[in-house]
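Have a look at the structure below, then the notes.
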């Protein structure tokens, strides 16, 4: 396994800082000259068009389940911020209790912040 020395890491950090502006300009130039490719990449990783981020997909225990309809409405049931208003980017389904027969039973829709807080505090 290759290990970097502290001197190598410091040099790499300094190099990145010195060449940051040049890298940004190069990246922006590439984006201007490859607009079709940029659109293709944006579509590929867009949360709706990407199959990994399919809105009909939920995580249930240790596997993903694809449902027939979108289970989310886009509003946090705790703080009431919504995706449509632009206050949040996405919501998560939080299982308060698992039901083997119905993956949507005992679920509430939370924004990422409220979902993280619910797991940290252990309460909802």
- Query: Once every DSSP H run of n ≥ 4 in the chain is given -39500 (n - 2.57) and the sum is divided by its residues, what mean residue ellipticity at 222 nm do you get, rounded to the nearest 500 deg cm²/dmol?
  - Reply: -13000 deg cm²/dmol
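Counting alpha carbon pairs within less than 8 Å and at least 6 residues apart, what relative contact order, in whole percent, applies to the chain? Display every interim value, and only then the final one.
Values: 101 pairs, mean separation 15.9, N = 124.
Normalised by residue count, the contact order of the chain is 13 percent.
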- Cα-based convex hull, the chain, per residue volume (Å³, whole number): 225
- Message: For the range 1-31 and the range 77-113, what is the centre-to-centre distance using only Cα atoms, to the nearest Å?
- Response: 39
- Note on the structure: Helix 35-45: inclination vs the chain longest Cα principal axis, degrees, rounded to 10, gives 40
- Item | Two-site label geometry, residue 35 and residue 100: point separation in nm, points 7 Å out along Cα→Cβ | 5.7
- Taking Cα atoms, the helix 112-121 axis meets the longest principal axis of the chain at an angle in degrees (rounded to 10) of 70
- By the C-alpha gyration tensor axes a ≥ b ≥ c (rounded if a/c is under 1.5, else prolate when a/b exceeds b/c, else oblate), the shape of the range 55-121 is oblate
- Query: When you count, for each residue, the other Cβ atoms within 10 Å and take the mean per peptide, how do 75-83, 6-14, 99-107 rank with the highest first?
  - Reply: 75-83, 99-107, 6-14
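Laboratory data are not the source of any read-out in this text; all were calculated from the coordinates shown. Computed from a prediction, not measured in an experiment: that's the story for all the values here. Reconstructed Cβ throughout: ideal geometry from the backbone, glycine too, with neighbour counts over all protein chains shown.
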